[in-house]
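Notes for the one structure printed next.
The values are calculated or read from the model by the stated rules, or taken from the named source; none is laboratory data. From a predicted model like this one, the values you see are computed outputs, not experimental measurements. Here the Cβ positions follow ideal geometry from the backbone for every residue, glycine too, while neighbour counts run over all protein chains shown. The protein model used for the area step is the full one, side chains on, heavy atoms only, and it has no ligands, DNA or RNA in it. Shrake-Rupley method; radii C 1.70, N 1.55, O 1.52, S 1.80 Å.
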Amino acid sequence: MKSIFTGLFLFIAIGVNAQEEIHFNNSWSEAKEKAIHSKKLIFIDCYTSWCAPCKWMEKNVFIQPAVARYYNDNFVNLKVDMEKGEGIAMRKQYNVQSFPTYLFVNVNGDIVHRTASRMEAEAFLAEAKRAVDPKRNTAALKDKYDKGNRDLTFLLDYYLATERADRSTASQIGEEIIAKVTAQELNSELGWKIIKSLARNETDKLGAHFMANESAYSKWGSQDEREQLKDRLITSTTYGYIYSKDEQAFVKKLAYFKKSDNLDRRKQGIMLEAEFYLQTDRADDYVKLTNAALKNELKNDADKLSFLARRSSGGKSRDVTALPAVQQQAYLMAKRAVELEPEEYSVQSTFALVCLGLKKKPEALAAAKKSRSLADAETSKIQKLAQELLDKVEAL
């Protein structure tokens, strides 16, 4: 009897969990008919078969109970491949340029709200709530803007509503905000929100103000938020010195990362310093830096090791990445990354690519076969890239 009840419980639990996902209709006509009767908006997930962020959203966000319940309760949902069937015309009609793009439309097909890109469940849910708010969706905000509303709070809300899906409009609004906001307004909660959204580096108007008044923002931003913003601004500034090859300014700024007690910040310093050595053709310094990183900060960080390996594994003729010493470092880093994450597609494909460049065919072939196998769980585009890499290795 106990086993019967246990089985029944599991059956019910599985059934409940199976319902915790966004339910999609099969066609526009079906979705429209349901929307007419229910008086709901239609949510359209614009995707392609090769879009990795689309797959990520399916696996990690669409199945979240809170997300699924809200979308199923408030919208008629439709998933459309933009490269097949009615999706081809729909892509043209709505000028869908990136994937995933999310459209919230009425029964006439008019866009009420638009957003895009991979995002966490909380942000995805916030977009849905914005879509059903007649004062905050993108259509309503555009109407207010076109009628001349230039209130700073409104402009920020409009910017945040468009930054994912309409970069041209967002850029225009962002420039207006930066030009309009005063120093006094920056010293406020609204100013903190503006700086957090629009500051780009330490020297622009917003970034410079934050760096000069960082402690004042403890009223509105947590320590983690403020440190993340500071790291982002300093990183952006440092990259500017890398590409201008201003070594004196670069070394001075790099100290912020290298002398930190924070491991993630020191890791970021290694990534910046490695890029500087690649840009300035300093292979010996690159080898010394990455050897130390392999033994210390990055020894257990497969993602960063794999990134460095791919970045330094090849390049144009006369580029430092073509030097044997740098190629060898790419091999050591990629091999360590594989030891750490053998079931990660990107890690295996990087190791295969590095071994291909070094003409280490046995290792390249093993890694390429593994990455091709792992690609079966990825998108069709990833599968194609994995197969192309395997073909190159086999032809070696």
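Okay, here's what the table says:
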read-out: Any hit, region 336-352, residues being outside any helix (DSSP H, G or I) and aliphatic (A, V, I, L, M); value: no
read-out: The lone exception for Lys84 - which of (1) farther than 23 Å from Phe62 by Cα; (2) loosely packed, with under 12 Cβ neighbours inside 10 Å it fails; value: (1)
read-out: Output for region 45-54, where each listed residue is closer than 15 Å to Phe24 by Cβ and assigned to a helix (DSSP H, G or I); value: Cys54
read-out: Residue in region 342-354 that is open to solvent by 60 Å² or more (accessible area, probe 1.4 Å), within 16 Å of Asn291 (Cα to Cα) and at pLDDT 90 or above present; value: no
read-out: Filter result for Ile234 (in contact with a His (Cβ under 9 Å, 6 or more places away or on another chain) and among the β-branched types (Val, Ile, Thr)); value: no
read-out: Residues located in region 366-378, provided they are of a type in the set (A, V, I, L, M) and open to solvent by 40 Å² or more (accessible area, probe 1.4 Å); value: Ala366, Ala377
read-out: Elements of type helices (runs of 4 or more DSSP H) in region 217-325, at least 1 residues being under 30 Å from Leu389 (Cβ atoms) and open to solvent by less than 60 Å² (accessible area, probe 1.4 Å); value: 223-244, 263-279, 283-295, 302-311
read-out: Where a residue in region 33-49 is among the acidic types (Asp, Glu) and its partner, wherever it lies, is assigned to a strand (DSSP E or B) and open to solvent by 40 Å² or more (accessible area, probe 1.4 Å), with Cβ under 8 Å and at least six apart; value: Asp45/Phe24; Asp45/Lys79
read-out: Pairs with Cβ under 8 Å, 6+ apart, first in region 91-108 and farther than 22 Å from Val61 by Cα and touching a residue at least 24 places away in the same chain (Cβ under 8 Å), second open to solvent by less than 40 Å² (accessible area, probe 1.4 Å) and of a type in the set (S, T, N, Q); value: Tyr94/Thr101
read-out: Residue satisfying all of: in region 57-81; among the hydrophobic types (A, V, I, L, M, F, W, C), touching a Lys or Arg at 6+ places or on another chain (Cβ under 7 Å) and farther than 13 Å from Phe124 by Cα; surrounded by the fewest Cβ atoms within 10 Å (Cβ to Cβ) among these; value: Phe75
read-out: Residues of region 372-383 classified as in a helix (DSSP H, G or I) and within 22 Å of the chain's Cα centre (by Cα), total; value: 6
read-out: Test: residue in region 161-168 that is within 30 Å of Asn95 (Cα to Cα), under 23 Å from the mean Cα position of the chain (by Cα), in contact (Cβ under 8 Å) with a residue 24 or more places away in the chain and assigned to a helix (DSSP H, G or I); value: yes
read-out: Qualifying residue in region 162-179 (condition: under 30 Å from Lys253 (Cβ atoms) and modelled with pLDDT under 95); value: yes
read-out: Among residues of region 173-203, those that are assigned to a loop (DSSP other than H, G, I, E, B), open to solvent by less than 70 Å² (accessible area, probe 1.4 Å) and in contact with a helix residue (DSSP H, G or I) (Cβ under 8 Å, 6 or more places away or on another chain), counted; value: 4
read-out: Residue within region 23-44 that is part of a helix (DSSP H, G or I) and under 19 Å from Glu378 (Cβ atoms) present; value: no
read-out: Positions within region 281-298 being closer than 14 Å to Ala334 by Cα and hydroxyl-bearing (Ser, Thr, Tyr), in sequence order; value: Thr290
read-out: In region 135-149, the residues that are in a loop (DSSP other than H, G, I, E, B), open to solvent by 50 Å² or more (accessible area, probe 1.4 Å) and over 13 Å from Ala161 (Cα atoms); value: Lys147, Asn149
read-out: Count of residues meeting criterion [open to solvent by less than 10 Å² (accessible area, probe 1.4 Å) and assigned to a loop (DSSP other than H, G, I, E, B)] in region 94-108; value: 2
read-out: Enumeration of residues in region 116-132 that are over 14 Å from the mean Cα position of the chain (by Cα) and either free of Cβ contacts under 8 Å to residues at least 24 places away in the same chain or buried (at least 17 other Cβ atoms within 10 Å of the Cβ) (or both); value: Glu122, Leu125, Ala126, Glu127, Ala128, Arg130, Ala131
read-out: Residue tally, condition part of a helix (DSSP H, G or I) and either touching a residue at least 12 places away in the same chain (Cβ under 8 Å) or within 18 Å of Ser312 (Cβ to Cβ) (or both), over region 353-365; value: 9
